[in-house]
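The values are calculated or read from the model by the stated rules, or taken from the named source; none is laboratory data. What you see is a predicted model, and the numbers here were worked out from it, not measured in a lab. Ideal geometry is used to build each Cβ from the backbone, glycine not excepted, and the neighbour counts take in all protein chains shown. Keep in mind that these areas ignore ligands, DNA and RNA; they rest on the heavy atoms of the full protein, side chains included. Shrake-Rupley method; radii C 1.70, N 1.55, O 1.52, S 1.80 Å.
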Amino acid sequence: MQKLTRAAYGLPGGSLAFKTGAWRNERPVHRPGHAPCHAACPAGENPQAYLAHIEQGELQQAWLSLVDMNPLPAVTGRVCPHPCESDCNRGHYDEAVCIHGAERFLGDEALRCGWDYQLAPVDGDVQRVAVIGAGPAGLSAAYHLRRLGYQPCIFERESLAGGILRTALPAYRLPRNVLDAECEHLLGIGIELRFHTALGKDVSMRELGDDFSAVFLAPGAHKPREWNVEGSQPCDLHEGLHLLNQWVEFGAVPSMQSAAVIGGGNSAIDVARVLRRAGVEDVHVITHRELPDAELPPHACMTANPREIAQAVEEGVTIHPHHGVTRLILRGEHAVGVEMVHMKKLFDAEGHLQRVPFEGTESVLHVDQVIPAIGQEMETGGLEELAAGRAFLQTDHWGRTEHDGVFAGGDATPGAGTVARAIGDGRRAATAIDAFLRGQHITERQEAESIAYQDLNLLYYDHLPRVEEPILSVEERKADAEVESSLDAGRIAAEAGRCFSCGQCLACDNCWTLCPDNAVLKTEKILEDGSFYVFDYDYCKGCGICADECPCGFIIMVEEE
Ligand SMILES: Cc1cc2nc3c(=O)[nH]c(=O)nc-3n(C[C@H](O)[C@H](O)[C@H](O)COP(=O)(O)OP(=O)(O)OC[C@H]3O[C@@H](n4cnc5c(N)ncnc54)[C@H](O)[C@@H]3O)c2cc1C
Ligand code: SF4
Ligand code: SF4
Ligand code: SF4
């Protein structure tokens with residue numbers, strides 16, 4: 001039996017003598033809500049939950065809540081474009097909570113302290129699941145499968161785990177000691193990993209089908225998209241991804257004085273910044289899309305992380321947004337420049353927005369190299385039947401393909417490729433594989449409604465500036481030196497305190513102390529809805545003061561039946 005406490009002035013003989021509950025035509029109820037940061041995270045994280053633990057000083061609990069969804073927080077805290085922050089309600093008030101900073105801090109802290117992931121015990125007779133690729137999608141699927149009690153085995157054609165994060169992401173954004181430590185920590189939970197084993201070369205789908213109960217395919221997208229201008233290509237073309245692979249492996253790029261990088265995604269910006277670090281004087285990025293702008297629809301903007309774009313500009317990269325390349329200028333078969341044109345936006349007959357060259361705005365850029373970085377497709381070796389001539393594997397929301405027992409996710413499936421999305425894909429597929437192996441029907445997803453800014457009572461929150469991660473000066477940004485560094489525990493705790501706790505009770509006692517009928521009772525232990533409060537409907541007259549004064553939208557009024 002829970003001990004219940006009435007607010008101090010609710011004494012017998014006082015207002016409790018009148019059972020005001022009979023007057024009511026509306027009643028307050030607790031509505032635990034989905035915070036918008038949670039809804040926006042492709043990995044499925046609930047930042048509100050771990051920020052609340054951080055605020056209470058429960059750091060390990062915070063990390064456990066985080067890795068319930070995402071086993072690679074030190075990675076995502078560094079490289080995720082953090083759509084959670086774009087949707088954070090605090091952004092409408094002053095500045096969004098620095099969620100990625102908290103995530104990065106918890107990831108680093110877990111590695112420093114050696115915290116263990118929570119696992120279900122695996123008994124002798126478990127089913128085995130094959131995972132192709134040790135990138136974020138494969139690692140996430142293996143982690144969640146292991147947590148569900150299966151024995152995953154990852155097949156990876158390279159000699160180390162990490163996927164594109166290891167082979168292409170420059171270390172000034174993701175230091176390799178962080179990637180190594182987080183991969184090692186994750187694999188240490190008992191995941192078998194067979195290196196130098198490529199699907200389509202060393203093992204076939206048929207063999208996997210014979211030896212494993214299910215297969216998750218996460219080979220990523222490593223084949224650069226075809227690129228030419230009106231059919232012409234320089235003879236010494238260096239494709240962006242290959243150039244990044246060279247930089248990561250050897251710390252050098254082919255010699256050049258100037259370059260035009262084509263594309264508006266992370267690869268294009270990484271190539272441009274790597275070239276600047278390699279000493280290339282004059283680096284340009286040419287993209288059809290606009291610079292990131294909250295007022296524009298996402299598909300109109302460059303897909304690279306806005307903060308990387310800003311840092312590239314600081315480092316001397318010139319961006320030509322809203323431009324296309326109309327002509328390659330060749331001397332012999334070598335590029336010596338490009339002709340660019342401003343693009344204008346027109347609606348076609350079906351009302352679709354098209355970008356077309358704005359004639360008369362052509363200009364010439366003289367450069368030594370033209371480097372396409374326009375994205376990749378899946379390499380279909382070993383997957384010809386599943387790919388059926390397409391550039392990506394087709395799946396449903398749960399990663400199920402048309403073939404029973406075969407699941408897929410990450411960059412090998414259509415859609416914007418990010419680490420967080422790959423991690424979310426791996427987790428959903430693990431859930432679907434579990435349902436498949438148990439012969440259960442998987443329930444279709446239901447989009448929970450997020451708590452809107454208007455649902456909050458902002459009178460209870462002070463305006464406070466957001467903390468920002470320390471960042472190297474442009475002069476200090478050399479080679480692999482990490483550009484941004486972690487925030488300390490004190491600043492992270494202060495930042496967690498800025499969270500509005502959208503949709504979750506923050507135990508402020510407002511409802512308990514402000515109810516004029518003493519109809520809110522405080523419980524000793526936390527309840528299932530995450531609060532310490534219940535309504536005593538014998539006394540609640542439905543005035544709605546508690547709902548009005550609840551800061552975080554946790555109480556709503558519903559019509560009395
Ligand atoms: C230059 C660059 C910068 C990026 N920057 C960011 C960023 O800042 N933020 C962000 O969120 N995302 C970024 N991304 C995207 C992100 O890296 C990917 O979305 C993510 O890595 C996809 O994970 P994945 O597991 O699907 O594939 P991958 O990471 O590509 O991993 C696939 C793994 O499968 C292995 N493999 C492939 N074929 C086979 C086979 N036949 N047999 C066995 N193994 C195989 C590969 O060796 C690899 O290890 C960037 C991508 C690039 C290229
Ligand atoms: S993975 Fe990305 S979107 Fe999700 S909480 Fe972390 S920074 Fe935000
Ligand atoms: S204020 Fe907190 S709970 Fe609300 S969206 Fe931002 S981080 Fe999430
Ligand atoms: S008013 Fe405060 S204590 Fe009451 S439900 Fe809302 S957040 Fe929780």
Exercise for review: Can you confirm whether the stretch 343-358 contains a residue that is modelled with pLDDT of 85 or more, open to solvent by less than 40 Å² (accessible area, probe 1.4 Å) and either in a helix (DSSP H, G or I) or in contact with a Leu (Cβ under 9 Å, 6 or more places away or on another chain) (or both)?
Suggested key: no
Exercise for review: With respect to residue 552, determine if the residue is open to solvent by less than 20 Å² (accessible area, probe 1.4 Å), at pLDDT 90 or above and within 16 Å of ligand 3 (Cβ to nearest atom).
Suggested key: yes
Point to revise | Condition check for residue 94: more than 25 Å from residue 456 (Cβ to Cβ) and either among the acidic types (Asp, Glu) or within 16 Å of ligand 4 (Cβ to nearest atom) (or both) | key: no
Exercise for review: State all residues of the stretch 120-139 that are more than 16 Å from ligand 1 (Cβ to nearest atom) and part of a loop (DSSP other than H, G, I, E, B); if no residue qualifies, say none.
Suggested key: 120, 121, 122, 123, 124, 125, 126, 127
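Yes or no, residue by residue, for (1) assigned to a helix (DSSP H, G or I); (2) open to solvent by less than 20 Å² (accessible area, probe 1.4 Å); (3) over 30 Å from residue 556 (Cα atoms):
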site: 403; (1), (2), (3): no, no, yes
site: 420; (1), (2), (3): yes, yes, yes
site: 426; (1), (2), (3): yes, yes, yes
site: 431; (1), (2), (3): yes, no, yes
site: 436; (1), (2), (3): yes, no, yes
Exercise for review: Would you be able to tell me the number of residues in the stretch 87-119 that are open to solvent by 40 Å² or more (accessible area, probe 1.4 Å), assigned to a loop (DSSP other than H, G, I, E, B) and away from ligand 2 (no atom under 16 Å from the Cβ)?
Suggested key: 6
Revision key, fill the gap. In the stretch 488-536, residues that are surrounded by fewer than 21 Cβ atoms within 10 Å (Cβ to Cβ) and either in a loop (DSSP other than H, G, I, E, B) or within 16 Å of ligand 2 (Cβ to nearest atom) (or both) total 17
Revision key, fill the gap. Note on the stretch 359-371: residues in contact (Cβ under 8 Å) with a residue 60 or more places away in the chain and open to solvent by 40 Å² or more (accessible area, probe 1.4 Å) are 366, 368
Practice item. Might you check whether a residue that is part of a strand (DSSP E or B) and either at pLDDT 90 or above or under 19 Å from residue 363 (Cβ atoms) (or both) occurs anywhere in the stretch 286-300? Key: yes
Check your understanding: Out of (1) within 16 Å of ligand 1 (Cβ to nearest atom); (2) open to solvent by 20 Å² or more (accessible area, probe 1.4 Å), the odd one out for residue 455 is which?
Key -> (1)
Check your understanding: So is residue 482 touching a Pro at 6+ places or on another chain (Cβ under 9 Å), touching a residue at least 12 places away in the same chain (Cβ under 8 Å), closer than 30 Å to residue 216 by Cα and of a type in the set (D, E, K, R) or not?
Key -> no
Point to revise | Evaluation of residue 159 against (1) in a loop (DSSP other than H, G, I, E, B); (2) out of contact with any Phe, Trp or Tyr (no Cβ under 9 Å at 6 or more places or on another chain); (3) surrounded by fewer than 16 Cβ atoms within 10 Å (Cβ to Cβ); (4) not hydrophobic (A, V, I, L, M, F, W, C) (one fails), failing number | key: (2)
Practice item. Looking only at the stretch 239-251, decide whether some residue is of a type in the set (A, V, I, L, M), touching a strand residue (DSSP E or B) at 6+ places or on another chain (Cβ under 9 Å) and away from ligand 1 (no atom under 16 Å from the Cβ). Key: no
**Study point:** Residue count, the stretch 172-213 (criterion: within 12 Å of ligand 1 (Cβ to nearest atom) and part of a loop (DSSP other than H, G, I, E, B))
**Key:** 11
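Yes/no matrix, rows are residues, columns are (1) out of contact with any Ser or Thr (no Cβ under 9 Å at 6 or more places or on another chain); (2) crowded, with 19+ Cβ neighbours inside 10 Å:
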site	(1), (2)
265	no, yes
290	yes, no
300	yes, no
304	no, yes
311	yes, yes
318	yes, no
329	yes, no
Review point. Residues of the stretch 45-86 being within 16 Å of ligand 1 (Cβ to nearest atom), open to solvent by 20 Å² or more (accessible area, probe 1.4 Å) and either in a loop (DSSP other than H, G, I, E, B) or of a type in the set (Val, Ile, Thr) (or both), which ones?
Key: 69, 81, 82
